[in-house]
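Here is the structure we will look at, set down as structure tokens.
The values are calculated or read from the model by the stated rules, or taken from the named source; none is laboratory data. Just so we're clear, the structure is a prediction, and the values are computed from it rather than from any experiment. Positions of Cβ are generated from backbone atoms using ideal geometry, with glycine treated the same way; all protein chains shown enter the neighbour counts. Accessible surface is based on the protein model in full, side chains and every heavy atom, while ligands, DNA and RNA are left aside. Shrake-Rupley method; radii C 1.70, N 1.55, O 1.52, S 1.80 Å.
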Amino acid sequence: MSKFDLRQYALVISLAAALSTPAAADQQTITIADPQPPITAGFKMGDARSPDGNTLTMDSDSLLLNGKPWTPVMGEFHFARYPENEWRPELLKLKAGGIDIVSTYVFWIHHEEVEGQFNWTGSRNLRHFIQTCQDVGLKVFVRCGPWDHGEVRNGGFPNWLLKTGWTLRSNDTNYLGKVKIFYGEIARQLDGLFWKDGGPVIGIQFENEYNGPASHLLTLKHLGQEVGLDVPIYTRTGWNKPAGKMPFGELVPLYGVYAEGFWDRVLTPMPNGYWKGFHFSTNRVDDATYTAIPGKGGTLDPQDVGEYPYLTCEIGGGMMNSYHRRILVNPKDVEATTLIKLGSGSTLLGYYMYHGGVNPEGSLSTLMESQATGYWNDMPVKNYDFQAPLGQYGQINPQYNLLRRLHLFLHEWGSSLAKMPATMPDQHPLERNDFKTLRWSVRSDGKSGFVFVNNYERLQTMPPKKDVQFAIQLPAGPFVFSAGPRHHSLRCLLDLAVQS
């Protein structure tokens, strides 16, 4: 007996692919192995149990909600960049779009622009924002820096901090003393709202895009724990490899991808390796988005693959514009890169940004990134629309609905998908201008699975892929199937022939 047992379904996800019933079939082959058992021990996280007995843990495959695989969707929404009295309807839009978790930066300069004077009022009211998230049924990741970037002045550092002469983003004891105070303020805002309290706060990110000593990241984690930042998931951004040894299980790396970036120093479209964001791959770090930034690396720590679940926090929901580089995003750019991450093994789709906003007023200066503050980009003073699924005024952009279909798929099948590693086909595109080779992948546990196909790349005309036949070699034997007539859109083909 040989069959591709998909519990009476086979699912092909295809973006802008023209696939037709084979005459002389172009057979695409792939070999699937039985997956390795997940790593379940060694994760050094915070309190995982809520008062009602629910647990939130993880293994190397995925997050686990009450011991079962959980594949949520996360969207970035900056509370301080949006009016407080409009948070609730906007958060409901996030939820309707399939978002399960809201991630948000806490920009230090937004709250302590004047040393010793903290402002948690109005649109800066973190506590009210978290409570509103809970009211509408959304969980929360707090990205508490202390350095965030986010196109904010000084990466979020207050001006007074830069004037101290201390070594910032290091274990300088003077700097750490101020960080501890800042973290303590955040902890007071979140008091009673952590998962362990029955609240929605399930995750904390320390620092951002950091490739200094790993010991500093661990110090930040310990400072956060000392002041009460106790959550089931502690994270860091994973596209920068910290110097030195990062002990396993301390901080879970999260990844991202952008179709194109405002930060590049050239005006030509799609420089560097952005094209790789449209190719399925088991490499979690693309070499375009981050190597384009001076001082940033794109080297993946080898231990991260296979030891941590493949979680993302910065799939580009759009792209901001700088004055030197003004990018128009095609909604399909966002849909395609998201599909690629899902087909490449991700078990958490996390967007930056999912909802745009407007920079708040500063009392001493404007609060956007600029060359005048030592950065290499001049950004708009107020606008932070990001061409996101939900814009700076809450307008619904086309990718909102395109992504919602993927989110609904993940909500329905995510628990099964989590236990299915990604496998790349025997023949795959080898270089940038290979537009003829089909881009596809399979996620399978060796008995059932999902086929992902992408035939879209930003600013490229992709030829239709005709007469395609998939030959999937499973541990129990081969399974071959043909796709029916296709349209230039994302489609789910259900109830494909499952035969012995």
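Couple of notes before you dig in:
- Antiparallel DSSP beta bridges within segment 83-231, as percent of all bridges there, nearest 5: 10
- Ordering of 197-209, 58-70, 225-237 by packing [mean C-beta count within 10 Å, highest first]: 197-209, 225-237, 58-70
- Relative contact order [Cα under 8 Å, 6+ residues apart], segment 202-245, whole percent: 62
- Between A476 and K44, the FRET efficiency from the beta-carbon distance, with R0 = 30 Å, is close to 0.20.
- Portion, in percent, of the accessible area of segment 210-288 that falls on carbon or sulfur, probe 1.4 Å: 56
- Of the peptides 120-127, 334-341, the ranking by mean beta-carbon count within 10 Å, highest at the top, reads 334-341, 120-127.
- Site pair A25 and Y393 shows an inter-label distance of 5.3 nm when each label is modelled 7 Å from Cα along Cα→Cβ.
- Helix 87-96 and the longest principal axis of the C-alpha atoms of the chain enclose an angle of approximately 10°.
- Over all distinct Cα-Cα pairs of segment 316-450, the Kirkwood formula returns a hydrodynamic radius of 17.5 Å.
- Coarse-grained scattering of segment 160-269 at q = 0.11, 0.12, 0.17, 0.20 Å⁻¹, given as base-10 log I(q)/I(0) from a Debye sum over alpha-carbon atoms: -0.44, -0.52, -0.92, -1.12
- For the chain, calculated [θ]222 nm from helices alone, where every DSSP H run of n ≥ 4 adds -39500 (n - 2.57): -5500 deg cm²/dmol
- Of all beta bridges that DSSP places with both ends in the chain, some 40 percent have antiparallel geometry.
- Stokes-Einstein D in µm²/s, Kirkwood radius over Cα pairs - segment 47-121 at 37 °C with 0.692 mPa s viscosity: 216
- For the chain, the relative contact order works out to 28 percent when only alpha carbon pairs closer than 8 Å and six or more residues apart are counted.
- Eligible aspartates and glutamates near K465 by straight Cα distance, threshold 19 Å, same-chain separation 8 or greater: D26, D426, E431, D434, E457
- Along principal axes, Cα extents of segment 35-189, largest first, whole Å: 52, 39, 29
- The chain - accessible surface per residue (Å², probe 1.4 Å): 36
- Check: segment 322-395 dipole with +1 on Lys, Arg Cβ and -1 on Asp, Glu Cβ, in debye: 160
- Highest mean packing comes first when the peptides 145-152, 343-350, 356-363 are listed by Cβ atoms within 10 Å, giving 343-350, 145-152, 356-363.
- DSSP bridge analysis restricted to segment 65-151 gives an antiparallel fraction near 20%, rounded to the nearest 5.
- For K95, the lysines whose Cα falls under 27 Å of its own Cα, not counting residues fewer than eight places away in the same chain, are K68, K139, K196, K332, K341, K382, K419.
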